[in-house]
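Encoded as structure tokens, the structure appears first; notes follow it.
The values are calculated or read from the model by the stated rules, or taken from the named source; none is laboratory data. Quantities reported herein were computed from a predicted structural model and do not represent experimental measurements. Virtual Cβ from ideal backbone geometry, glycine too; neighbours counted across all protein chains shown.
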Amino acid sequence: MIPIEEAEKILNNITCRPETEEVPLMDSLGRVLAQDIVSGMSMPPFNKSAMDGYALSSSDSSKKFKIVEVIAAGSVPSRKINKGECAKIMTGAMVPQGADQVIKIEVTEEKDGYMIVTDEDKNVNICYLGEDVKPGDMVLKSGCVIRPPEVGIIASMGLDRLKVYKKTIVGIITTGSEIKEPGQKLESGQIYNSNAYSISAQVLQTGAQVKYAGIVGDDIESIGREIENLLSETQMVLISGGVSMGDYDYVPQILKSLGVQLHFDKVAIQPGKPTVFGTRADLLIFGMPGNPVSTFTIFEVFVKPVLYKTMGFTYTPPVVKGIMSKDFKRKRTVRTAYVPVRCNRVGEVEPVEYHGSAHLSALSEANGLLKVPRGVREVLKGSTVYVRQI
């Protein structure tokens, strides 16, 4: 059994070679950018009005201003603004020559072709050429996840296609003769297959793709055959169950027989001690415990950072600071524990009711995992803690 820090070091040192593809901008949401976006233009591309109002010279002390033209967004001013003149201008429209201020429409009156300023407007109300982005500026760096703001930024650069990293295809197998798919009838001693569905949801949330191989009974040949099939069709395989010390826990020996190099098969983590990680060439294989909270936790702590790496993204888990609202105590301290907790809006952190690694419904009450290091027996009320969000 290795410490969690050693397992994380092994995973951090795994070399991934993500492939790229070109996609339309409309299909880029959630993908990882595989190119730098360098601006070839200024943004804004001209001095533009930030308000609906009247463009004039700020040094002009005239009592009223003749409206010489109306400038709509997308049109080009036809003339220069002289003393005693102004142009009625719409938000986003090009500011005419001779004007260095836009008086917002709310402090003006318009009558008989003239505009009168009725109240002071101290703001310039102009967005200047290149004040946001200049030609040659690095707008976005390769390796960032494309969110709606990034889609808008890329569109503003005039790009309709871009290079992204390919989605990793993740194969998922659930082992256990006692497992049934949702929708099927349970016989005595059987349970429903929650793991495949929760793992698939976690995979899909990263932007990767899922290839589900279904449930495989506790049979060495069947498990080995399905793992081999997935290794030929995917870049990562996740196996739920069959990794512990029971009579039917065959996964570690099957992986070795398939030429998989095991880098670890037990980690000092709670829940999730019998976690297996191996590689075969560039293929990545995780064997995770069958208990659902263990599987969920192992994915969050170990699998997710590696999966993101295969798609060109360096993942840092979101962490929030809070204050324990009650004591947390445990009996055994030989493993690093991840405890389901809830963080509220005022920064209080409270462990949720949790009966162990089979208590899946506890996760629906939690929005974070509290890491309790090895050797730490209690976290007292009032302590400052850092919670990994889920």
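Residue check: is ASN291 among the polar types (S, T, N, Q) and either touching a strand residue (DSSP E or B) at 6+ places or on another chain (Cβ under 6 Å) or buried (at least 17 other Cβ atoms within 10 Å of the Cβ) (or both)? Yes, satisfied.
Only one entry of SER49, SER57, SER39 meets the criterion of being under 30 Å from GLU22 (Cβ atoms) and surrounded by 16 or more Cβ atoms within 10 Å (Cβ to Cβ), and that entry is SER39. For segment 18-34, does any single residue satisfy the condition of being over 35 Å from the mean Cα position of the chain (by Cα) and not aliphatic (A, V, I, L, M)? No, segment 18-34 contains no residue that is over 35 Å from the mean Cα position of the chain (by Cα) and not aliphatic (A, V, I, L, M). Within segment 351-386, the set of residues being farther than 20 Å from PRO289 by Cβ, more than 21 Å from the chain's Cα centre (by Cα) and either without any contact (Cβ under 8 Å) to a residue 12 or more places away in the chain or buried (at least 18 other Cβ atoms within 10 Å of the Cβ) (or both) comprises PRO351, VAL379, VAL385. The set of residues from segment 214-242 being over 22 Å from LYS273 (Cα atoms) and touching a Gly at 6+ places or on another chain (Cβ under 6 Å) comprises LEU230, THR234. When ARG330 is tested against (1) assigned by TED's automatic domain parsing to the domain that holds ASP219; (2) touching a residue at least 40 places away in the same chain (Cβ under 8 Å), only condition (1) is not met. Applying the criterion of at least 2 residues that are farther than 26 Å from GLU228 by Cβ, at pLDDT 95 or above and touching a strand residue (DSSP E or B) at 6+ places or on another chain (Cβ under 6 Å) to the strands (runs of 3 or more DSSP E) found wholly in segment 99-205 leaves 101-104, 108-111, 114-117, 138-140, 161-165. The criterion of at least 1 residues that are over 22 Å from GLY143 (Cβ atoms) and touching a residue at least 60 places away in the same chain (Cβ under 8 Å) is met, among strands (runs of 3 or more DSSP E) falling completely within segment 1-90, by 53-56.
Picking from residues in segment 206-222 that are outside any loop (DSSP other than H, G, I, E, B) and under 33 Å from the mean Cα position of the chain (by Cα), the one that is farthest from VAL145 (Cα to Cα) is VAL216. Every condition in (1) closer than 23 Å to LYS167 by Cβ; (2) modelled with pLDDT of 95 or more holds for MET288 except the one numbered (2). Counting only residues that are part of a loop (DSSP other than H, G, I, E, B) and either out of contact with any Lys or Arg (no Cβ under 8 Å at 6 or more places or on another chain) or under 19 Å from GLY272 (Cβ atoms) (or both), segment 354-390 holds 17 of them.
Taking the criterion of being among the small types (Gly, Ala, Ser) and exposed (fewer than 13 other Cβ atoms within 10 Å of the Cβ), the only residue of segment 76-94 that qualifies is SER78. Summed over segment 247-274, residues that are of a type in the set (Val, Ile, Thr), at pLDDT below 95 and closer than 23 Å to VAL372 by Cβ total 0. One residue stands out in segment 95-105 among those that are surrounded by fewer than 24 Cβ atoms within 10 Å (Cβ to Cβ) and in contact with a Gly (Cβ under 6 Å, 6 or more places away or on another chain): the one that is nearest to SER49 (Cα to Cα), namely LYS104.
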